[in-house]
Amino acid sequence: MMRRRTTLLTGCTALVLALGATACGGGEPVAAGGGDQALGGQTVTVAGVWSGSEQKNFQKVLDAFSEKTGAKTQFVSTGDNVSTVVGSKIEGGNAPDVVMVPQVGVLQQFAGNGWLKPLSPTVRTAVKGNYAKVWNDYGSVDGSLYGLYFKAAHKSTVWYSPDALAQAGVQPPTTYGALLKAGHTVSDSGLAAFSVAGQDGWTLTDWFENVYLSQAGPAKYDALAAHTLKWTDASVVRALTTLGELFKDRQLIAGGQKGALNTDFPGSVEKVFGPKPEAGMVYEGDFVAGVAKDQFGRTIGKDANFFPFPAVDGGDAPVVSGGDAAVVLKDGKNTKAGMALVEYLATPEAAAVWAKAGGFLSPNKSLDLASYGDDVTRATAKSLVDAGDSVRFDMSDQAPAAFGGTKGAGEWKLLQDFLRDPSDPKATAAALETAAAKAYKG
């Protein structure tokens, strides 16, 4: 009886949740969540990298799921080392039910280890109907869908203080050369040009990827991401040299290299949008808006805005994306309720909860753009959805975790070393290739 009930739940949960009140197979309408708080008394444990405002906003989504289904939720923040933390929890017999995985490489690793349950037909139908094919591809391993991309990122955005740029008499630049020139003008007016979050290695990979995609082009980007092109290739050295022009210029970076290496991502946003600004601009994804709004009270579009990451050396302006995929662990204590949560996350209703709160983009085409709280975020979300399959997923997130997703190791550490001393791009490229070769073989 329990198995049959679960099967019925799995088959119609998303429809129930999406419509609020419906019936499965006729009869009287039932309340969302199976009609009788069918998951009441059950607890779903969710692990993810989020902290601060992102964790608070995701909790609003979890609370909405609880209200609909009766299930309780418990969120565990893993920090950046999600693969290590989740692996140790599985080994210790304390696996979470759902993990929000921020890297394609980690998702592939989890699937390869046999840790994941394929997502239900309900989720597969939702992804096929409401997502561009690229999101299905990045969530799949060997033809099976394991990851539902709930939160996407537009990682080709440079955020700035309109007051700072106006004071310097600077307009948003459209080329990388103009970006550095504008940066010097801003610094001459009394603020450093850029706040760089060098303490978090992942932000440095994003800097590199935008430069590389625009300068080297999408074909080489794809090849480097798959490691069919070596990191010692001249195109990598060229991109590092270009990035090094910024990293070595103390006038452009708040606190110089040392200051950057002691600044984490939230701190980098604070240096631009906090009570005591130290810089005029901060490069990172659309999620900067959530921090600027929630932690520092900035009004997006008025005293916090962005321009697209500018084109490099005559290339096209880059569009790099990222995202967090919900996966269900086989060893979780409540995998059935975990799958019900992922089915809920696949609905536009779930995405609307965080969209309203800010600092969030959804790849779900069925989400009403009116759900976003401001015109800037609405435009960013539309550009991401409209880009469809032409966007390029974050390169480090496609790599094995040992290379592209581990604090103090691989690409994260080597780019931190490069920020500390950007004088030898060839040596950095060689070190990156050594680390990549080892990780991709493993």
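The values are calculated or read from the model by the stated rules, or taken from the named source; none is laboratory data. Bear in mind the structure is a predicted one, so any value in this text is a computation, not a measurement. FYI the Cβ positions are ideal-geometry reconstructions off the backbone, even for glycines, and counts take in every protein chain you see. The protein model used for the area step is the full one, side chains on, heavy atoms only, and it has no ligands, DNA or RNA in it. Shrake-Rupley method; radii C 1.70, N 1.55, O 1.52, S 1.80 Å.
What a 1.4 Å probe finds exposed on the chain is 50% carbon and sulfur by accessible area, rounded to a whole percent. The share of C-alpha pairs in the range 274-369 whose separation exceeds 15 Å stands at 73 percent.
Could you tell me which of the pairs Lys56/Lys356; Lys56/Lys293; Lys230/Lys441; Lys151/Lys302; Lys151/Lys382 are separated by over 18 angstrom between their Cα atoms in the structure shown? Over 18 Å apart, Cα to Cα: Lys151/Lys302.
Per residue, how much accessible area does the chain show when a 1.4 Å probe rolls over the protein heavy atoms, in square angstrom?
Values: 17480 Å² over 442 residues.
Per residue, the chain has 40 Å² of solvent-accessible surface.
Find the eigenvalues of the gyration tensor of the Cα atoms of the range 118-177, then list the square roots of 5 times those eigenvalues as equivalent ellipsoid semi-axes, largest first, in whole angstrom.
Sorted largest first and rounded, they come to 41, 12, 9 Å.
Within the set (i) 33, 26, 22; (ii) 40, 28, 20; (iii) 38, 24, 18, the number that semi-axes √(5λ) of the Cα gyration tensor in Å takes when calculated for this structure is listed as (iii).
Normalise the Debye intensity by I(0) for the range 89-225, one equal point scatterer per Cα, no solvent, then take log10 at q = 0.15, 0.16 Å⁻¹ and round to two decimals. The calculated log intensity ratios at q = 0.15, 0.16 Å⁻¹ are -0.92, -0.98.
Find the relative contact order for the chain and round it to a whole percent, using C-alpha pairs within less than 8 Å whose residues are 6+ positions apart. Don't skip to the answer; put the middle values down first.
Details: 879 pairs, mean separation 111.2, N = 442.
Computed over the chain, the figure is 25 percent.
Simple rule: put +1 on each Lys or Arg Cβ and -1 on each Asp or Glu Cβ in the chain, find the dipole, and look at Leu39, Val291, Phe265; the Cα lying farthest toward the positive end is Leu39.
Our summary gives the range 87-146 a relative contact order of 33 percent, counting only alpha carbon pairs under 8 angstrom and 6 or more residues apart.
Of Tyr138, Tyr176, the residue with the largest accessible area leads and the full order is Tyr138, Tyr176 (1.4 Å probe).
Using only the C-alpha atoms, the convex hull of the range 181-298 corresponds to 108 Å³ per residue.
Counting only C-alpha contacts under 8 Å and six or more residues apart, can you give the relative contact order of the range 323-416 as a whole percent? Walk me through the intermediate numbers first.
Numbers: 71 pairs, mean separation 12.3, N = 94.
Relative CO of the range 323-416 lands at 13 percent.
Computed over the chain, the per-residue total of -39500 (n - 2.57) for DSSP H runs of n ≥ 4 gives a 222 nm mean residue ellipticity of -15000 deg cm²/dmol, rounded to 500. Subtracting the Cα-Cα distance of Ala427 and Asp137 from their residue separation scaled by 0.36 nm leaves 101.0 nm.
D by Stokes-Einstein for the range 398-437, Kirkwood Rh over Cα pairs, 37 °C, 0.692 mPa s: 326 µm²/s.
Students sometimes get this wrong: rank Thr380, Thr241 by accessible area, probe 1.4 Å, all chains present, largest first.
On the way: Thr380 5, Thr241 65 Å².
In descending accessible area the options line up as Thr241, Thr380.
How big is the range 294-442 by the Kirkwood estimate over distinct Cα pairs, in Å?
Computed over Cα pairs of the range 294-442, the Kirkwood hydrodynamic radius comes out at 18.8 Å.
Within straight-line reach of Lys336, meaning a Cα separation under 16 Å, sit the following aspartates and glutamates at least 8 residues removed in sequence or on another chain: Asp97.
Given the chain, what percent of its DSSP beta bridges are antiparallel, to the nearest 5? Write down the numbers at each step before the final one.
Details: 24 of 40 bridges.
Antiparallel bridges: around 60 percent, rounded to the nearest 5.
Placing one identical point scatterer on every Cα of the range 62-121 and ignoring solvent, what is log10 I(q)/I(0) from the Debye formula at q = 0.23 Å⁻¹? Ignoring solvent entirely, the Cα scatterers give -1.06. Per-residue 3J(HN,Hα) values for the range 309-326, derived from phi via the Karplus relation 6.51 cos²θ - 1.76 cosθ + 1.60 with θ = phi - 60°, read 3, x, 5, 10, 6, x, x, 6, 4, x, 10, 9, 10, x, x, 10, 9, 7 Hz in sequence order (x marks Gly and Pro).
Using 0.36 nm per residue, how much length does the chain from Asp188 to Thr84 gain when fully extended, once their Cα-Cα distance is taken away?
Details: separation 104, 0.36 × 104 = 37.44 nm, distance 4.43 nm.
Taking Asp188 through Thr84 to full extension adds about 33.0 nm, to one decimal.
Figure note: Glu245, Glu343 ranked by solvent-accessible area, largest first, 1.4 Å probe, ligands and nucleic acids not counted: Glu245, Glu343.
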